[in-house]
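See below for the structure under consideration.
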Amino acid sequence: MLTLHKTTALDTDYLETLGFVWHTDSDETSYISDELVVISEAEAEAYYEAANELYDMYIEAAEHVVENDLFHEIGIPFNLVDVIKESWESDVHWHLYGRFDLAGGLDGKPIKLLEFNADTPTALFETAIIQWAILKKNNLEEESQFNALYEALVDNFKRLVTLDEDVSTFEERYDGWSFLFTSIKGNSEEENTVKLLQHIATEAGFETEFAYIDDIEFSDEDGIVYNDKSYELWFKLIPWEDIALEESDLAMLLTNIIKNQKAIIFNPAYTLLFQSKGLLKILWDLYPNHPLLLEAAFEPLDNQKQVKKPIFGREGGNVSILDKDANTIESIEGDYENHKMVYQAYTELATDTQGLSYQAGVFYAYEACGLGFRKGGKILDNMSKFVGHLVK
Amino acid sequence: MKYLNKLSTMATATGLGALLATGVTGCTSNDQQQQEQAQAKGAFIIIEESAPGKYKIKDEFPADETRIVLKKLDGTEKVLTKPELDALIKEEAAKIDDGTSNLTKENPQVSQGMGLGETIMASMAGAMLGAWIGNKLFGNQNYQNNRKAGYKSPSTYSKSQKSFNKPRKSSSSKRSGFFGSKKSSSGSRSSYGG
């Protein structure tokens, strides 16, 4: 049973002033838990080490996919293969940030990788800002938190220019390149997550601007243009697979823009390799029985409880828990039933006294840099709650 | 461990304090302009009737607008009109839904060619024309395997793939309006985070 620390919640007016407007779910309950998960320093350290090790393994697995042309196996849309290869070849396509979803890590249970949200991770605002503000409000300032996400992002934005661990040469090497930040119109969580990233990039020293995707012009020759100005750097909180499937012309244009070196796009196209749950199977092939991994395959696993999930599903859509005879015990509906499926060995999530399950999210920006939790049913969906933490 | 910080040092070291005072929405420009959705670029496709009622893709290359030429068994040629194309795609979408399309069957008998709607959907242009049913198809493993069957020869397929991936030098016109009609499904919460 995990340990929770009760706090006084942040009031919604304050959250609104921060731009954190998605504080209340559609059923009128608060999205932010008023409790914090209490962890030890050793547990925080273990999350940190695990995410760093997993990232190295993801690099190896992606290299394996590129070398052996396994794009199709892991469900990558054909019209992104070129841009993925192109982005994989050069360091300028720097991975800005991602979030590992992990089971375990509490109460002596082993940490196990569930998946890696490498392309368009949210929960950034909650992890970097909100859980920190909760501590402040509750006079817990002197406590530590595994949360340097904000400053890690400042540094990693600088690395887009220095391409090195050392960020001290940023000012000298930054040549005024303009950075455009983009989301799709109509979703305030996405828009304000992007605006937070823009804020951090501005602090790092970039010249920045925000635009909705449908107001931006794209061309092979002029690159990415907004209000008659070209942008050399572009961050989009729009999944690559949505670009591939819903706007295939845009996929083609972005491929050409990258090949013609007109702009650099974040997160890079190769992060879709990490994002594909098909990579879980590749990881198991390369690192069988690795302590951080759960067995994964493209067909049902023999004789064990398992989770079936679509390669590019989100928010638990079409995820099912199967018993050892592959009968469905529990499932969530969604739009991904036609997707290729991955079968991953089941692992128990930590639970509280109400039986709610807790999953850790460890952010990675050059190295592991922040921790937050989500709680919900056995399959975490879009109604799951964010839970901050406290290191004691 | 580098990133286990005392909060007091963090607030002074970064602009987080300033952010908490002003929020992220206070300082950004609000310059939005609606733009008309530009016309999609397309493909020029030649489809050949290989047996009565069976078709294969003979050639395919990128073009500014989509045009599909049909060469029939009797040697006549015909350009498919937009309403004809729309009807074929709609019909094929219904077949995909009820599972009778060869595109989504596991090992369809397609050595003679596929139906006209199926052949069009197997082409690159099909992927663009039918973007609205794209999710049904691209998520489908059989579709990926069967697309190749729509081509007259394996080299037509790989040539088509190549020419679509080539940087296009000809056009300097800009395109915009992507995702312009996308509706946000669930209000203010994002579904991207996983």
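Values quoted throughout were computed directly from the atomic coordinates according to the rules given, and no laboratory measurement underlies them. Bear in mind the structure is a predicted one, so any value in this text is a computation, not a measurement. We place every Cβ from the backbone using ideal geometry, glycine too, and count neighbours over all the protein chains shown.
Could you tell me the calculated FRET efficiency between A:Glu89 and A:Ala345, based on Cβ-Cβ distance and R0 = 41 angstrom, to the nearest 0.05?
0.75
Would you work out the charge dipole size for chain A about its Cα centre, treating the Cβ of every Lys and Arg as +1 and the Cβ of every Asp and Glu as -1, and quote it to the nearest 20 debye?
960
Quick check: net charge around A:Leu356, other residues with Cβ under 9 Å of its Cβ, Lys/Arg +1 and Asp/Glu -1?
So the surrounding residues net to +1.
For chain A, what is the mean residue ellipticity at 222 nm derived from helices alone (per DSSP H run of n ≥ 4: -39500 (n - 2.57); sum divided by total residues; nearest 500 deg cm²/dmol)?
Counting only the DSSP helices, I get -9000 deg cm²/dmol.
With a ≥ b ≥ c taken as the square roots of the eigenvalues of the C-alpha gyration tensor of the stretch A:84-123, please select rounded if a/c is under 1.5 and otherwise prolate if a/b is larger than b/c or oblate if it is not?
In terms of gyration-tensor shape, prolate.
Using only the Cα atoms, work out Rg/Rh for the stretch A:296-346, with Rh taken as the Kirkwood radius, to two decimals.
Looking at the stretch A:296-346, the ratio lands at 0.94.
Classify the stretch A:1-78 from the C-alpha gyration tensor, please: rounded if a/c falls under 1.5, else prolate or oblate depending on whether a/b exceeds b/c.
It comes out oblate by the Cα gyration axes.
Among A:229-237, A:383-391, A:271-279, what's the highest-first ranking by average C-beta atoms within 10 angstrom per residue?
Going by the mean number of other Cβ atoms within 10 Å, highest first, we get A:271-279, A:383-391, A:229-237.
Please find, in a Gaussian network model of chain A (springs between Cα atoms separated by less than 10 Å), the residue of A:Leu113, A:Leu254, A:Leu70 whose mean-square fluctuation is greatest.
Checking each option, the largest mean-square fluctuation is seen for A:Leu70.
Put a dot 7 Å past each Cα toward the Cβ at A:Glu60 and A:Lys324; how far apart are the dots in nm?
In this crude label model, A:Lys324 to A:Glu60 measures out at 3.0 nm.
Extending each Cα 7 Å along its Cβ direction at A:Glu67 and A:Tyr174, get the distance between those two points in nm, one decimal.
Going from the A:Glu67 label point to the A:Tyr174 one covers 3.7 nm.
If you take every DSSP beta bridge whose two residues both sit in chain A, what share of them, in percent to the nearest 5, is antiparallel?
Here the antiparallel bridges make up roughly 75 percent for chain A.
If a/c stays under 1.5 just call it rounded; otherwise compare a/b with b/c (prolate if a/b is bigger, oblate if not). Do that for chain A, with a ≥ b ≥ c from the square roots of the Cα gyration tensor eigenvalues.
Oblate, because a/c is 1.5 or more while a/b does not exceed b/c.
How high is the relative contact order of chain A? Use alpha-carbon pairs under 8 Å, at least six apart in sequence, and give a whole percent.
25
Going by C-beta contacts inside 10 Å, put B:Ser50, B:Ser181 in order with the fewest on the left.
With the sparsest Cβ surroundings first, the list reads B:Ser181, B:Ser50.
For the stretch B:75-83, just list the computed ³J(HN,Hα) in residue order, Karplus coefficients 6.51, -1.76 and 1.60, θ = phi - 60°, integers in Hz, with x standing in for Gly and Pro.
x, 6, 10, 8, 8, 6, 7, 4, x
Listed here are the pairs A:Lys185/A:Lys229; A:Lys137/A:Lys185; A:Lys185/A:Lys375; A:Lys85/A:Lys195; A:Lys158/A:Lys375; which of them are more than 23 Å apart at the Cα?
Beyond 23 Å: A:Lys137/A:Lys185; A:Lys185/A:Lys375; A:Lys85/A:Lys195; A:Lys158/A:Lys375.
If you find the alpha carbon centre of the stretch A:54-100 and of the stretch A:349-368, how far apart are they in angstrom?
26
Ordered by residue, what ³J(HN,Hα) values in Hz, to whole numbers, does the stretch A:228-241 give under the Karplus form 6.51 cos²θ - 1.76 cosθ + 1.60, where θ = phi - 60° and Gly and Pro are x?
Once rounded to whole Hz, the list reads 6, 10, 8, 10, 7, 10, 9, 9, 10, 8, 9, x, 4, 6.
Can you sort A:Ile321, A:Ile213 so the residue with the fewest Cβ neighbours within 10 Å comes first?
In increasing order of surrounding Cβ atoms, one gets A:Ile321, A:Ile213.
Listing A:Met252, B:Met121 from the residue with the fewest other Cβ atoms within 10 Å to the one with the most, what is the order?
A:Met252, B:Met121
Tally Lys/Arg at +1 and Asp/Glu at -1 over every other residue whose Cβ is under 10 Å from the Cβ of A:Pro310; what's the total?
Here the count lands on +3.
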